[in-house]
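Report on the following structure.
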Amino acid sequence: MVHVKDVLKSMDYGPAPEGNEHVVAWLETHKAGFGHFIDGKFTDPAAGKSFRVTNPADGKLLARAAHGTAEDVDRAVAAATRAFKSWSKLSGHERAKYLYAIARNIQKRDRFLAVLETMDNGKPIRETRDIDIPLVSRHFYHHAGWAELLESEFPGYQPVGVCGQIIPWNFPLLMLAWKIAPALAAGNTVVLKPAEQTPLTALAFAEICREVGLPAGVVNIVTGEGDTGAALVAHEGVQKIAFTGSTDVGRIIRTATAGSGKKLSLELGGKSPFIVFDDADLDSAVEGLVDAIWFNQGEVCCAGSRLLVQEGIAEKLYAKVRARMEMLRVGSPLDKSTDIGAVVSTEQLERITSLVAKGKEEGAEVFQPSSIQIPGTGTFFAPTLMTGVEPASTVAVVEIFGPVLVAMTFRTPDEAVALANNTRFGLAASIWSENINRSLDVASRLKAGVIWINATNLFDAAAGFGGYRESGYGREGGREGLYEYLAIDSAKAKGKEAAKVAMTAAPSPTAQIAAIDEVDRTAKLYIGGKQARPDSGYSYAVVNPAGKQVGLAGLGNRKDVRNAVEAAAKAESWGAATAHNRAQILYYIAENLSARAEEFEARLRTMTGASKRDAAEEVATAIRRTFFYAGFADKHDGAVHSTKSRHVTLAMNEPFGVMGVLCPDEAPLAGFVSLVMPALATGNRVIAVPSSRYPLAATDFYQIVDTSDVPAGVLSIVTGNAAELAKTLADHDEIAALWNFNGGVDAALVDKASSGNLKPVWNGGARNWQSPEAQGREFLRRSTQVKNIWVPYGE
Amino acid sequence: MHTTAAVALAQPDVLRNSQRNAGTALRPEAFESIQVNLSAVERRAATLPTRRTVKKEYQAAWLVKALTCIDLTTLAGDDTPGRVQRLCAKAMRPLSDTLLKGLGLEDEPPTVGAVCVYPTMVPAAVKALKGSGVPVASVATGFPTGLTPLPQRLEEIRYAVGEGAEEIDIVINRALVFDQEWQALYDEIAAMREACGEAHLKAILATGDLKTLRNVYKASMVSMQAGADFIKTSTGKEDVNATLPVSLIMIRALRDYVEETGYRVGFKPAGGLKTAKDAMNWLILMKEELGRPWLEPDLFRIGASSMLADIERQLEHFVTGRYSAAYRHPMA
């Protein structure tokens, strides 16, 4: 018995457990285990294998869930396919009503879901109650709006089909919402596999779907483990895979879906920097760190896990951080005064423990607050600060996914940016400075998809979330997120199968060079602003459809690609130039192309056998298209999202950096120009591989480039065997995005090779390059990635 | 310096503030480069009360603690000695015998922290509170605006002290903050402190007038350097009175000051705190940001008039399990 008198002395908080009797009763009714939710019904839990679902806070069994097999996945996909027929035909308004009903019912069940999530995952009730579940209903509300607006806001787009969605255990219901809400809004149907550690809120969500009368098969939930997910990824009836989880699994999925044509979005790991400048509000930065790394036990993909602090204030900040850590409370996740709950599983706890030990071994100083009392049972880990960490330390490189902060210092803003970007990942970043000039400058230079200024871990359905680099691609939330669940109507024009080109370097015994009525011309490669002989020293014959050899082209190899990429990497200022400046150069290209139109017409006629009219038309298209993207250079605007009050949330379209472009055989000039210009206009540097069969229009083009003030390295042209060069481009870690429009290049090979640095690949397919479907916003969108910068304001 | 700070902040056993703030020389370098980010401060303030929950016996105890920190206040144009006497009666015996018994506090019945009145009401309050141990606090220095001449303001302090006030709630000259005239502000407050003598000085910053949180921080620091025993948010007469974000900034200043000098200074939010829930929020703020010592009336006061009644009702609910009505509790 506690006496008021005693508490008056101690002034302790005392226990404040959240009641869980409703959830316990619900679990009791499912004592027999959970089946899958397929076609609007739960399958028999007794059928097939099942697995244990436990509460990480005490290790006790909560329920058993079915272990989905390939047959279960097959039945779910079949149900989703049937449901797609009618669901995709519903009016946006009808779909909006369902999404609205889901949002409302999640709100009505919010405490139930919060308690269940806490029991299943181990995260504190404060977070599920105040953060996870409110964001879940917010996400459905937001997307009810998109369903309603889809037809008017996305003309020319249609749903993708059946979406396979695989979500992690760190925000189980929130990740479900991020996946299901946009998919349904856009008219898709889904098969979702929750993580095996945390399937329960997804199953409760299935019951809510049934409750609101969502048509059968629109949402299917198949529980299971890695093999279940693999079956879903491999299923031929699935048109799109959306995955959130580790970079390693993301890579496996990229490889598994290679060449399948499945649309893919990946939200992967991170090692996000948290940068504190000496003019920051330090006490607030400390609170920011609490929200960054001691939120959700640090099991957050965008956790600010790398503290970068300006040298002069480092010790002061560390002292404040340590003092603040003493106030953190680790304990029962259901206690309303708990800051840090249980780590999701023993495996995860072991991983965190061993990484911290490794850090210590490598010389880091490890601090854990003395006030923390780790509960006797369950998987708990104390909040940890590691100082004396260097960029080369293991703990500074790998994602720990636990309540562990590693700290390093920097001297100047430039060094802060360099350290921040010194990672394979690029999910998020947090910048603390009261100087808006410095903050925005650093924000613009960071390679990350989400940047918070003087804040961290702010989320809203209206803003896009997603990474750069090996943190994945695609966005979730906002307008940019919806594209992941939409397909554009066009790109269905059938192109001709690419003809096999014999790229022999030997002189032809039969080919007859046309009579020499002009001086022989040598087509070289164009690398780093200079004409370059191919590294191989070989050239191959370019033969027109009549079998006549029309010239020789360089047989570029992997070293030529390497050189081109190195030159491109140095030409970074292109992306920083004004859009007006880039437009001017594109106009200048068009001007020079126009001046030499006849020469290009003649080239096309001899090389491809095109009629005079067709050749003239193609050159005219190339000029027009260059104008088109010159015009667009300063008009591919970002957005200001409507998120929280007194926050500017900027969605900026940023170039990828260095892009590889594989051009089609059809329309060797117009195709080349149609792909290179949008990429250049948006600020990318481009390595273009022209048509292997008809490369000479592209090699003529470098003379235009030479005379149009294009900075060295911005556009390189490497001729040769496109299929071979494609592999090198797809493999190259410096190349951030790749477009493959060459019918002779195996999409599977490119997809597979791209999994190295997880660059997005656009296997664009054939189209009529002279028609408007070969230009437009889709090309601009594919040459940029959206960076969301959150700028709170107020005085 | 850090050693002092660590001791001052961390010792939970030290429940009494042993050493009165002696002030320091004016040291603008301690506050001029302060950076405060409003949105971040608001986020912290908004989530603080959601991160801690206090229930049952603990909640009852915390509410009793809040009660002992209340400066039970009447500062109205229609105050009379009779009105003040009624307030004092409540101040000395805020909880009924039934409640005391239910709480197990019959042996040590709590009183409020002080009674706070206008200078001319001090004699009546002193008389009414005689022997109770409840001190009388008086506002002074041209409250609430502070715009009377300095000699008159100082004289007002001396008057109130002479009549038996043990605590003086002064108001600072806001214009000096707007113009960043720190020396002038420091000199005025130092003079007031001198006029107080043994009486403790609470410096009211009128944060609703100061507007920016940087101003609040700077005014807090100047007040402490000039020797304030407490810093207090508001007179209760500004458009915006005590808020959690403003309190958080003042508390950060307190923390920085104790780290630098070793002196613990008290904090008093005033104006707008009306409910038991408000009391809990501010107690959580104090405990989380400053630690256990700041949960005692020598370092924490709440300027309020209606809060006590709400606390009584909550305590009655704790004792009886039934929800109470205001009319069942004696008026202040």
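The values are calculated or read from the model by the stated rules, or taken from the named source; none is laboratory data. Predicted model only: the values in this text are computed from it and were never measured. Reconstructed Cβ throughout: ideal geometry from the backbone, glycine too, with neighbour counts over all protein chains shown. All accessible areas refer to the heavy atoms of the entire protein, side chains included, with ligands and DNA or RNA removed. Shrake-Rupley method; radii C 1.70, N 1.55, O 1.52, S 1.80 Å.
So which of A:Arg582, A:Arg603 ends up being surrounded by 20 or more Cβ atoms within 10 Å (Cβ to Cβ), touching a Leu at 6+ places or on another chain (Cβ under 9 Å), farther than 21 Å from A:Ala679 by Cβ and not polar (S, T, N, Q)?
From the options A:Arg582, A:Arg603, the qualifying one is A:Arg603.
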### Task
List the number of the failed condition for A:Ala737; all other conditions in (1) aliphatic (A, V, I, L, M); (2) in contact with a strand residue (DSSP E or B) (Cβ under 6 Å, 6 or more places away or on another chain); (3) open to solvent by 10 Å² or more (accessible area, probe 1.4 Å) hold.
(3)
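I'd like to know if segment A:109-125 contains one or more residues that are among the β-branched types (Val, Ile, Thr) and open to solvent by 30 Å² or more (accessible area, probe 1.4 Å).
The initial filter retains those residues of segment A:109-125 that are among the β-branched types (Val, Ile, Thr), namely A:115, A:118, A:125.
Of the ones still in play, those that are also open to solvent by 30 Å² or more (accessible area, probe 1.4 Å) are none.
No, that holds for no residue.
Picking from B:Phe318, B:Phe300, which residue would you name as being touching a residue at least 40 places away in the same chain (Cβ under 8 Å) and farther than 20 Å from B:Lys232 by Cβ?
B:Phe318
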#### Entry: The lone exception for B:Phe300 - which of (1) among the aromatic types (Phe, Trp, Tyr); (2) farther than 18 Å from B:Val112 by Cβ; (3) within 16 Å of the chain's Cα centre (by Cα) it fails
(2)
## Note on the structure
Output for Cβ contacts, cut-off 6 Å, separation at least six or different chains, first residue open to solvent by less than 70 Å² (accessible area, probe 1.4 Å) in segment A:82-97, second acidic (Asp, Glu) and in a helix (DSSP H, G or I), reads A:Gly92/A:Glu148; A:Gly92/A:Glu151; A:Ala96/A:Glu148
### Task
Please indicate, with yes or no, whether at least one residue in segment B:62-79 is within 14 Å of chain A (Cβ to nearest Cβ), in contact with a helix residue (DSSP H, G or I) (Cβ under 9 Å, 6 or more places away or on another chain), part of a helix (DSSP H, G or I) and surrounded by fewer than 20 Cβ atoms within 10 Å (Cβ to Cβ).
yes
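Limited to segment A:304-320, what total is found for residues that are surrounded by 20 or more Cβ atoms within 10 Å (Cβ to Cβ) and within 14 Å of chain B (Cβ to nearest Cβ)? Lay out the reasoning, then the answer.
First, the residues of segment A:304-320 that are surrounded by 20 or more Cβ atoms within 10 Å (Cβ to Cβ): A:304-310, A:317.
Among the residues that remain, those that are also within 14 Å of chain B (Cβ to nearest Cβ) are: A:304, A:310, A:317.
Residues meeting the conditions: 3.
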#### Entry: In segment A:163-192, the residues that are more than 18 Å from the chain's Cα centre (by Cα) and hydrophobic (A, V, I, L, M, F, W, C)
A:Trp169, A:Leu173, A:Leu184, A:Ala185, A:Ala186, A:Val190, A:Val191, A:Leu192
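Can you name the helices (runs of 4 or more DSSP H) wholly within segment B:144-233 that have at least 2 residues being buried (at least 24 other Cβ atoms within 10 Å of the Cβ) and at negative phi? Let's see the steps before the verdict.
On the way: elements: B:150-162, B:174-178, B:182-196, B:207-210, B:213-225.
Of the helices (runs of 4 or more DSSP H) lying wholly inside segment B:144-233, those with at least 2 residues that are buried (at least 24 other Cβ atoms within 10 Å of the Cβ) and at negative phi span B:150-162, B:182-196, B:213-225.
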#### Entry: segment A:370-380: number of residues that are more than 14 Å from chain B (Cβ to nearest Cβ) and open to solvent by 20 Å² or more (accessible area, probe 1.4 Å)
7
## Note on the structure
For segment A:454-479, the count of residues that are on the phi > 0 side of the Ramachandran plot and either within 8 Å of the chain's Cα centre (by Cα) or part of a helix (DSSP H, G or I) (or both) equals 5
### Summary
Exactly one of A:Ala737, A:Ala630 is assigned to a strand (DSSP E or B) and on the phi < 0 side of the Ramachandran plot, and that one is A:Ala737
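Would you mind stating whether B:Glu42 is facing chain A (nearest Cβ under 8 Å), in contact with a helix residue (DSSP H, G or I) (Cβ under 8 Å, 6 or more places away or on another chain) and open to solvent by less than 60 Å² (accessible area, probe 1.4 Å)?
Values: facing chain A (nearest Cβ under 8 Å): yes; in contact with a helix residue (DSSP H, G or I) (Cβ under 8 Å, 6 or more places away or on another chain): yes; open to solvent by less than 60 Å² (accessible area, probe 1.4 Å): no.
The answer is no for B:Glu42.
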### Query
Are any of the residues in segment A:355-369 open to solvent by 50 Å² or more (accessible area, probe 1.4 Å), in contact with a strand residue (DSSP E or B) (Cβ under 9 Å, 6 or more places away or on another chain), within 14 Å of another protein chain (Cβ to nearest Cβ) and free of Cβ contacts under 8 Å to residues at least 60 places away in the same chain?
no
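From the list A:Arg558, A:Arg603, exactly one residue is within 39 Å of the chain's Cα centre (by Cα) and of a type outside the set (Phe, Trp, Tyr). Which is it? So that I can check it myself, show each step before the final result.
Working: A:Arg603 fails: within 39 Å of the chain's Cα centre (by Cα).
Unique residue meeting the criteria: A:Arg558.
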### Message
Taking the conditions exactly as written (in contact (Cβ under 8 Å) with a residue 12 or more places away in the chain, under 27 Å from A:Ala230 (Cα atoms), open to solvent by less than 10 Å² (accessible area, probe 1.4 Å) and in contact with a helix residue (DSSP H, G or I) (Cβ under 9 Å, 6 or more places away or on another chain)), does A:Ala76 satisfy them or not?
### Response
yes
### Task
Hey, can you tell me all the residues within segment B:273-315 that are assigned to a helix (DSSP H, G or I) and away from chain A (no Cβ under 14 Å)?
B:Ala276, B:Lys277, B:Asp278, B:Met307, B:Leu308, B:Ala309, B:Asp310, B:Glu312, B:Arg313
### Message
Under 7 Å between Cβ atoms, which residue pairs at least 6 apart in sequence (or on different chains) link something in segment A:642-665 that is within 14 Å of another protein chain (Cβ to nearest Cβ) with a partner that is open to solvent by 20 Å² or more (accessible area, probe 1.4 Å) and hydroxyl-bearing (Ser, Thr, Tyr)?
### Response
A:Arg646/A:Tyr793; A:Val648/A:Tyr793; A:Thr649/A:Thr643
### Message
Which count do you get for residues in segment A:331-354 that are open to solvent by 20 Å² or more (accessible area, probe 1.4 Å) and within 14 Å of chain B (Cβ to nearest Cβ)?
### Response
4
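Looking at segment A:13-60, which of its residues are within 14 Å of chain B (Cβ to nearest Cβ) and surrounded by fewer than 16 Cβ atoms within 10 Å (Cβ to Cβ)?
A:Pro17, A:Gly19
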### Query
Counting only residues that are within 14 Å of chain B (Cβ to nearest Cβ) and in contact with a Lys or Arg (Cβ under 9 Å, 6 or more places away or on another chain), how many does segment A:234-290 have?
12
